[in-house]
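Accompanying notes for the structure given below.
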Amino acid sequence: MAMFQTFVGLEIHIHLLTKTKVFCGCKSAYGDKPNTNICPVCLGYPGVLPTVNREALKMSYMVGKAMNCELSQHTLFERKNYFYPDMTKNYQITQFSDPVGVNGWYEFETGGSRKQIRIHDIHLEEDAGKMIHDGNSSLLDDNRAGTSLLEVVTEPDFSSSEEAEDFLQSFRRMVRHLGVCDGNMEEGSLRCDANISINKKGKGLGTKVEIKNLNSSRFVRKALQYEYKRQAKTIKTGGKIIQETRLWNEEKQKTRSMRTKEAAHDYRYFPEPDIPPFIPDEAFMQNVNQSMVELPLARKQRMIDAYFLTEELAGFIVEEKFRADFFETVVTDDVDAATAAKWLKGETVKQLGRRNMELSDSPLLAIRFINLMKMLADGTIHANIARQLLELILDQDEDPEILLEREGLTGSDDNAELAEIIDLVVSNNPEAAVQIQEGNTKAVGFLMGQVMKASQGSADPKAVRSLLMQKLNAK
């Protein structure tokens with residue numbers, strides 16, 4: 001049993017998928033030429049007047065609603081004052097006293113069960129620029145400055161690094177389903193700060209240490225695991241934990257000190273004088289409600305109940321919203337849900353991966369997948385032909401019924417022709433045939449492989465096995 005109790009809280013930042021920045025009309029885009037999407041407003045020049053992006057507010061309220069928050073009826077923007085090279089105006093427009101949402105909760109799956117985490121607040125703010133360090137010099141790209149940034153702050157309710165990792169993955173699925181963030185952690189559109197404190201059991205929270213700018217759920221888990229061990233060793237040897245901000249070094253697999261942690265009063269918050277309070281009216285809230293979608297966890301349970309899918313298959317289907325929508329489009333009276341799910345998870349994912357394609361951008365239209373599944377179900381084709389057709393659909397962007405005829409693929413096996421192939425294979429491999437008759441099952445697979453090779457993969461494996469065993473009078 002662990003000597004210390006762990007308390008973990010997360011601060012998650014997401015770039016909202018708005019076309020323009022949060023307080024100006026500059027384009028919000030990743031990867032553009034440095035310092036091309038900037039203006040006096042997002043750089044904070046004297047005399048400029050910021051205005052709030054209404055779409056960013058709508059998306060913020062959507063996340064607040066999804067996380068069961070008390071949504072603000074009078075939200076304020078304030079200035080958070082600090083100096084850092086990537087914030088040229090030396091303050092950040094954010095929310096502090098009256099954010100978009102407070103006192104929420106979010107349920108997610110972890111360790112084979114469900115757990116609820118309390119949400120302290122959700123607030124909308126602007127992102128800073130990006131520092132690019134090159135040897136002894138540092139460059140600043142302000143394209144990111146002013147981008148719509150939503151921060152979600154949890155209570156310290158996670159009791160392990162694994163729970164924090166599972167929560168972050170669940171949160172990413174949720175915002176992608178809502179369409180408010182692409183969840184790309186490598187590009188920084190979703191990043192996380194993790195706060196951890198440990199203490200002897202029953203003693204409550206310890207001294208908090210923040211691990212900054214973690215850009216993968218795996219890094220969150222590994223950084224928290226390391227920090228637990230570091231803090232436990234410090235306490236056991238009579239040392240004292242310092243409240244500070246640390247960074248995770250993936251190469252060295254350890255955290256390092258960055259700076260002592262500031263308190264709220266250090267930022268000298270005061271109301272943003274150029275932005276009036278936002279008071280959502282009935283039309284705004286109606287727009288928020290109409291934009292909500294079924295969230296992944298609820299959809300997964302419905303998949304299990306409605307389509308009798310396993311936990312694993314249902315989890316795979318709802319991992320991506322497009323995939324879940326695609327699945328529910330193709331499952332009809334003529335297409336079995338479990339079969340469709342298995343084909344999507346198995347052969348479809350494999351073939352898409354080989355071509356570096358996403359289902360959403362591939363030639364595998366829903367109607368083509370429906371027809372492929374129908375042909376498989378009614379015996380027009382067997383599994384091997386279905387696999388070949390799937391490859392051809394992805395390569396040639398054509399319907400399966402057309403490809404079946406054009407490529408001369410036969411859906412049903414000619415047993416006479418297949419029997420001739422089996423006769424030839426058996427005569428060429430007499431030792432394997434004898435082994436099968438003697439009960440050696442490994443030799444069955446060898447001969448089946450030879451038959452499939454001779455038929456160029458067009459034979460039905462079930463028919464091959466049946467005829468082969470009949471030929472050799474084997475069970």
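The values are calculated or read from the model by the stated rules, or taken from the named source; none is laboratory data. Predicted model, so just to flag it, every value in this text is computed and none were measured. In this analysis, Cβ positions are derived from the backbone assuming ideal geometry, glycine residues included, and neighbour counts consider all displayed protein chains.
The requirement of being closer than 30 Å to D98 by Cβ and of a type in the set (S, T, Y) is fulfilled nowhere in the stretch 303-314; no residue meets it.
Within the stretch 256-291, the residues that satisfy the criterion of being within 25 Å of S72 (Cα to Cα), touching a Leu at 6+ places or on another chain (Cβ under 7 Å) and assigned to a strand (DSSP E or B) are P271, F278. Does E294 qualify as being part of a helix (DSSP H, G or I), among the charged types (D, E, K, R), exposed (fewer than 15 other Cβ atoms within 10 Å of the Cβ) and at negative phi? So E294 fails the test. Residue count for the stretch 8-42, restricted to those that are in a strand (DSSP E or B) and of a type outside the set (A, V, I, L, M, F, W, C): 6. Applying the condition of being of a type in the set (D, E) and out of contact with any helix residue (DSSP H, G or I) (no Cβ under 7 Å at 6 or more places or on another chain) to the stretch 96-136 and asking which residue is farthest from R173 (Cα to Cα) yields D134. Residues that are closer than 14 Å to F284 by Cα and in contact with a helix residue (DSSP H, G or I) (Cβ under 7 Å, 6 or more places away or on another chain) within the stretch 40-95 comprise K58, Y61, M62, K65, L71, listed in sequence order. Look at the stretch 50-73: where a residue is in contact (Cβ under 8 Å) with a residue 40 or more places away in the chain and surrounded by fewer than 21 Cβ atoms within 10 Å (Cβ to Cβ) and a partner is among the hydroxyl-bearing types (S, T, Y) and part of a helix (DSSP H, G or I), sitting 6+ places away or on another chain with Cβ atoms under 8 Å, you get K58/S291; L71/Y61. Restricted to the stretch 325-384, and to residues there that are more than 18 Å from D399 (Cβ to Cβ) and among the polar types (S, T, N, Q), the residue that is surrounded by the most Cβ atoms within 10 Å (Cβ to Cβ) is N384. Filter the stretch 95-113 down to residues that are assigned to a strand (DSSP E or B), in contact with a Leu (Cβ under 8 Å, 6 or more places away or on another chain) and in contact (Cβ under 8 Å) with a residue 60 or more places away in the chain and give me whichever is surrounded by the most Cβ atoms within 10 Å (Cβ to Cβ). So, considering only residues that are assigned to a strand (DSSP E or B), in contact with a Leu (Cβ under 8 Å, 6 or more places away or on another chain) and in contact (Cβ under 8 Å) with a residue 60 or more places away in the chain, the one surrounded by the most Cβ atoms within 10 Å (Cβ to Cβ) is F108. Comparison of P99, P85 shows that the only residue that is touching a strand residue (DSSP E or B) at 6+ places or on another chain (Cβ under 8 Å) and within 21 Å of F270 (Cβ to Cβ) is P99. The condition of being surrounded by 13 or more Cβ atoms within 10 Å (Cβ to Cβ) and over 28 Å from L139 (Cα atoms) holds for only one of L16, L10, L43, that being L10. Picking from residues in the stretch 232-252 that are polar (S, T, N, Q) and under 31 Å from the mean Cα position of the chain (by Cα), the one that is farthest from E11 (Cα to Cα) is N249.
Whether a residue is out of contact with any helix residue (DSSP H, G or I) (no Cβ under 7 Å at 6 or more places or on another chain) and in a strand (DSSP E or B) was assessed, and N184 does not pass this test. Take the conditions (1) out of contact with any Ser or Thr (no Cβ under 7 Å at 6 or more places or on another chain); (2) of a type in the set (A, V, I, L, M, F, W, C); (3) in a strand (DSSP E or B); (4) in contact (Cβ under 8 Å) with a residue 40 or more places away in the chain; M131 misses just one of them, which is (1). Entry remark, the stretch 214-236: residues being part of a loop (DSSP other than H, G, I, E, B) and buried (at least 20 other Cβ atoms within 10 Å of the Cβ) number 0 in total.
Sub-6 Å Cβ pairs linking a first residue in the stretch 277-290 that is closer than 13 Å to V100 by Cβ to a second residue that is in a helix (DSSP H, G or I) and of a type in the set (K, R), at least 6 apart or interchain, are V288/K58, ordered by first then second residue.
Residues that are of a type in the set (S, T, N, Q), more than 25 Å from the chain's Cα centre (by Cα) and either modelled with pLDDT of 95 or more or within 29 Å of V209 (Cβ to Cβ) (or both) are absent from the stretch 16-29.
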